[in-house]
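For reference, the structure is listed below as structure tokens.
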Amino acid sequence: QSNSDLSLLYVLFLTLLLLFLALFPGAFNCCTKISDDISKGILGRVERFEIQKADGLCHLEAVILHVKGKKFCVNPWNRKVKKMMKKMKHKIHRSKSHVRKQRRTRIPKQKEQKQ
């Protein structure tokens, strides 16, 4: 009987764990440590970045830099990081505002000729 109690407890634990993971998917993706310094080489290869707030599940403010499938957690107050973020936002904004729409060329309908 104690074996079945142990099995039930195990199943209950797994169920609660899966429920927690479903409700809080970002719980295990938080930066727990941040670097105060980051190399120019990494900053130059950043594909995108995210800002982690110190609220909810994550208890640390950070900027998450994504470089070729790797994540780097850095101090959001670092001057080089702030400059890079500003440059990336400006670049994204500029590229969107300068996209030109292709003009439609109007093909005039020819009047049917009466025969």
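Of the residues making up the range 59-89, just one is exposed (fewer than 12 other Cβ atoms within 10 Å of the Cβ) and of a type in the set (Phe, Trp, Tyr), namely 77. Each residue in the range 29-58 was checked for being surrounded by 10 or more Cβ atoms within 10 Å (Cβ to Cβ) and modelled with pLDDT under 85, and 4 of them qualify.
Taken over the range 50-66, the residue count meeting the criterion of being assigned to a strand (DSSP E or B) and in contact with a helix residue (DSSP H, G or I) (Cβ under 6 Å, 6 or more places away or on another chain) is 1. Applying a threshold of 7 Å to beta carbon distances and a minimum spacing of six or more residues, or different chains, the list of pairs starting in the range 13-39 at a residue that is of a type in the set (D, E, K, R) and ending at one that is at pLDDT 70 or above and open to solvent by less than 70 Å² (accessible area, probe 1.4 Å) reads 33/73; 36/75; 36/78.
The values are calculated or read from the model by the stated rules, or taken from the named source; none is laboratory data. Everything numeric here is computed off the predicted structure, so don't read it as measured data. Cβ sites come from the backbone with ideal geometry, for glycine too, and all protein chains shown count toward neighbours. Calculation scope for accessible area: heavy atoms of the full protein, side chains included, ligands and nucleic acids excluded. Shrake-Rupley method; radii C 1.70, N 1.55, O 1.52, S 1.80 Å.
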